[in-house]
2 protein chains.
Amino acid sequence: MHMIVTGGAGFLGQQCIARLLQAESFALAPEAAQPIRALTAFDVVEGDYQHPKLRYVVGDIADPHQVSALFRDDTAAIIHLAAVVSGTAEANFDLGMRVNLDGIRNLLQAARAQAKPIRLLFASSIAVFGGELPEVVRDETTPTPQGSYGIQKYIGEQLVQDYSRKGFIDGRSVRIPTVVVRPGKPNGAASGFASNIIREPLAGRRVVLPVDPATAMWVASPRAVVTMLMHALSLAPELWGWNRAINLPGLTVTMHEEIAALAKVAGQEPLSLIEQRPDPSILRLVNTWASRFDTARALAMGFTADDDVEAIVRAYVEDHPEAIHKL
Amino acid sequence: MHMIVTGGAGFLGQQCIARLLQAESFALAPEAAQPIRALTAFDVVEGDYQHPKLRYVVGDIADPHQVSALFRDDTAAIIHLAAVVSGTAEANFDLGMRVNLDGIRNLLQAARAQAKPIRLLFASSIAVFGGELPEVVRDETTPTPQGSYGIQKYIGEQLVQDYSRKGFIDGRSVRIPTVVVRPGKPNGAASGFASNIIREPLAGRRVVLPVDPATAMWVASPRAVVTMLMHALSLAPELWGWNRAINLPGLTVTMHEEIAALAKVAGQEPLSLIEQRPDPSILRLVNTWASRFDTARALAMGFTADDDVEAIVRAYVEDHPEAIHKL
């Protein structure tokens with residue numbers, strides 16, 4: 001079979017692609033692993049990861065023709081990760097609408113037009129929750145997105161839901177926790193500081209913590225997220241039933257706990273590179289985010305979170321030796 | 001000022017337009033009534049109602065250029081009623097997406113592009129609720145639309161919410177109860193029977209009741225809905241606050257109670273024209289609808305429902321003498 005990963009040059013996309021191609025096959029139904037003959041990574045740039053079965057296509061997801069052209073007769077599954085992140089979607093509203101809303105519409109329409117049914121995994125976000133929330137967020141909690149990114153993701157979920165109900169595709173949406181530690185450079189995500197305070201000191205660079213250290217977030221490591229994405233893609237439609245959106249398991253972690261885990265893994269020295277300087281505009285946004293979830297449904301479906309925050313930091317150090325400052 | 005009513009040739013549109021032009025002015029802020037200089041009715045056909053200040057524009061709301069062309073320098077408010085109804089949106093998915101989703105996007109973009117802030121009232125629907133619901137639906141209840149119409153309306157609400165939060169427009173969405181008695185011919189709305197069983201016997205025509213007479217629905221008369229639409233348009237943004245969507249007051253009425261009200265108003269004779277013949281496909285859909293609401297927030301904001309179902313039937317007879325069979 002052929003698979004498509006949108007946002008395939010991003011860090012989650014690259015890791016999903018590596019995981020899929022290293023496994024060489026994937027089971028879209030229990031005990032029915034199919035060989036992966038080809039994989040198309042669609043993004044605005046090419047990624048670093050290379051494999052004989054991998055083809056990069058650089059383009060614009062808001063262009064329906066480019067999206068249609070990604071499909072082959074044997075396309076069976078899509079992982080839709082392409083998005084502009086929260087801070088960018090807020091600063092550039094039209095770009096966010098193009099990529100985050102037109103993008104999924106184009107993908108859904110193109111998938112629907114295929115002769116064979118397409119399984120589609122949509123990377124949604126816990127950013128669909130915000131504002132006045134219950135102490136613990138559940139799958140039944142009403143999403144009330146506070147920013148354009150969350151609105152666009154939530155609309156994407158509604159479309160995935162309806163296209164699945166109509167039988168146009170076999171879709172599922174997973175609300176991904178804040179990913180910590182996000183590798184690479186700081187990006188436009190408003191939640192970026194939760195990664196920055198680990199990654200930057202480990203690289204020997206100074207970093208600002210713009211929120212109170214007691215600030216808690218709902219986090220998962222890239223490893224855990226990629227494992228959960230693979231699991232979400234593999235689950236038979238019967239296991240989802242009517243509701244095709246789910247909150248993914250994570251850990252409730254304060255920035256203070258992150259810093260303590262950093263010290264356990266790398267000693268006290270990197271801590272001197274963290275400067276606490278509250279930024280009211282980020283504080284205002286972060287205070288509307290959900291940090292405690294009851295993900296009973298996801299756990300029952302076999303999704304699993306990281307063990308603890310220290311394991312998250314250790315995994316980052318193991319996976320990114322090139323990004324660690326030699327102490 | 002200039003106002004735009006989309007879906008202006010429909011029965012609610014015609015009644016809104018008549019109400020506005022008869023009043024000659026409208027207050028978008030308390031004690032600040034402004035004269036209505038002109039009103040544009042946009043729809044796929046022209047309506048019957050005529051007035052020197054009224055101009056019909058026939059066109060396609062999915063065409064952004066046609067939508068932009070509706071605006072004038074003095075446009076201050078829009079009532080967005082244009083939609084394909086539930087049964088049609090389910091039968092013709094692409095048409096529903098075009099009219100119900102592209103339509104509001106075009107309108108929001110065009111409104112945002114104006115120099116002066118535009119007030120926009122979006123006619124949403126209680127069809128955003130469905131499936132497994134609490135006994136009583138509240139504003140906080142999570143919408144779980146069961147059909148494409150409800151999905152499209154709910155997405156429209158999300159966009160109105162975000163455009164309002166960003167300050168692009170001053171929007172508000174009202175979830176309209178099932179309108180009873182809808183005048184004219186039976187249409188593609190799956191809820192149409194609730195009107196048909198009053199209107200058709202009053203016209204001397206046979207009608208089928210496709211559900212159990214004990215079936216309850218959340219209903220409001222056209223008069224009450226038009227009054228609530230005018231009220232929703234007039235309320236200052238401060239009275240809405242963050243949440244720009246609201247469930248409108250209505251009455252919980254069983255089909256049995258409707259038939260009893262018909263008998264009170266028009267005698268026993270019309271009842272012989274009602275044939276009970278359950279239709280499993282309609283039953284399946286209707287059983288997922290919400291019929292009991294707690295609309296405390298809307299009542300506190302000054303929205304009001306009809307007195308009772310008999311008053312609804314009497315109002316229809318008064319408003320549509322041409323549609324009553326002379327007994």
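The values are calculated or read from the model by the stated rules, or taken from the named source; none is laboratory data. Note that the structure is a prediction, hence the values are computed from the model and not measured. Heads up, the Cβs are rebuilt from the backbone with ideal geometry, glycines too, and the neighbour counts pull from every protein chain shown.
State which residue is surrounded by the most Cβ atoms within 10 Å (Cβ to Cβ) when the search covers only region A:24-43 and only residues that are out of contact with any helix residue (DSSP H, G or I) (no Cβ under 9 Å at 6 or more places or on another chain) and not charged (D, E, K, R).
Going residue by residue through region A:24-43, those that are out of contact with any helix residue (DSSP H, G or I) (no Cβ under 9 Å at 6 or more places or on another chain) are A:24-25, A:31-32, A:34-35, A:37-38, A:40.
Still in the list and also not charged (D, E, K, R): A:25, A:32, A:34-35, A:38, A:40.
Details: A:SER25: 12, A:ALA32: 10, A:GLN34: 15, A:PRO35: 9, A:ALA38: 16, A:THR40: 22.
Ranking the candidates gives A:THR40 first.
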Hey, any hits in region B:258-271 for a residue that's of a type outside the set (A, V, I, L, M, F, W, C), surrounded by 13 or more Cβ atoms within 10 Å (Cβ to Cβ) and closer than 26 Å to B:LEU229 by Cα?
yes
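Scan region A:267-274 and tell me whether some residue there is at negative phi and under 20 Å from the mean Cα position of the chain (by Cα). Reasoning before the result, please.
Start the filter on region A:267-274 by keeping residues that are at negative phi, which leaves A:268-274.
The next check asks that each one be under 20 Å from the mean Cα position of the chain (by Cα); those that pass are none.
No, there is no match, as no residue in region A:267-274 is at negative phi and under 20 Å from the mean Cα position of the chain (by Cα).
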Using beta carbons and a limit of 6 Å, which pairs, at least six apart or on different chains, have the first residue in region A:135-156 and within 14 Å of A:THR295 (Cα to Cα) and the second one among the aliphatic types (A, V, I, L, M) and surrounded by 24 or more Cβ atoms within 10 Å (Cβ to Cβ)?
A:VAL137/A:ALA290
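Quick one: in region A:234-257, which of the residues that are among the β-branched types (Val, Ile, Thr) and more than 26 Å from A:VAL160 (Cβ to Cβ) is surrounded by the most Cβ atoms within 10 Å (Cβ to Cβ)?
So in region A:234-257, the residues among the β-branched types (Val, Ile, Thr) come out as A:246, A:252-254.
Right, trim to more than 26 Å from A:VAL160 (Cβ to Cβ) and you get A:252-254.
Details: A:THR252: 16, A:VAL253: 24, A:THR254: 17.
Residue satisfying both the conditions and the ranking: A:VAL253.
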So A:ARG105 passes all but one of these: (1) within 12 Å of chain B (Cβ to nearest Cβ); (2) more than 18 Å from A:ARG172 (Cβ to Cβ). Which condition number does it fail?
(2)
Pick out the one residue from A:MET255, A:MET217 that is in contact (Cβ under 8 Å) with a residue 24 or more places away in the chain, touching a Ser or Thr at 6+ places or on another chain (Cβ under 8 Å), within 30 Å of A:LEU120 (Cα to Cα) and of a type in the set (A, V, I, L, M).
A:MET217
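Out of everything in region B:11-23 that is under 18 Å from B:SER124 (Cα atoms) and modelled with pLDDT of 95 or more, what residue ends up being surrounded by the most Cβ atoms within 10 Å (Cβ to Cβ)?
B:CYS16
Only one residue in B:GLY131, B:GLY204 is within 14 Å of chain A (Cβ to nearest Cβ) and on the phi > 0 side of the Ramachandran plot, so which one is that?
On the way: B:GLY204 fails: within 14 Å of chain A (Cβ to nearest Cβ).
Answer to the selection: B:GLY131.
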Just give me the residues in region A:36-79 being over 17 Å from A:ILE169 (Cα atoms) and either outside the structural domain of A:GLN14 (by TED's automatic domain parsing) or charged (D, E, K, R) (or both), in sequence order.
A:ARG37, A:ASP43, A:GLU46, A:ASP48, A:LYS53, A:ARG55, A:ASP60, A:ASP63
Would you point out the residue of region A:134-157, among those that are more than 8 Å from chain B (Cβ to nearest Cβ) and among the acidic types (Asp, Glu), that is nearest to the chain's Cα centre (by Cα)?
A:GLU157
Can you pull out every residue in region B:158-173 that is at the interface with another protein chain (Cβ under 10 Å from one of its Cβ atoms), in contact with a Phe, Trp or Tyr (Cβ under 7 Å, 6 or more places away or on another chain) and not basic (Lys, Arg)?
B:GLN158
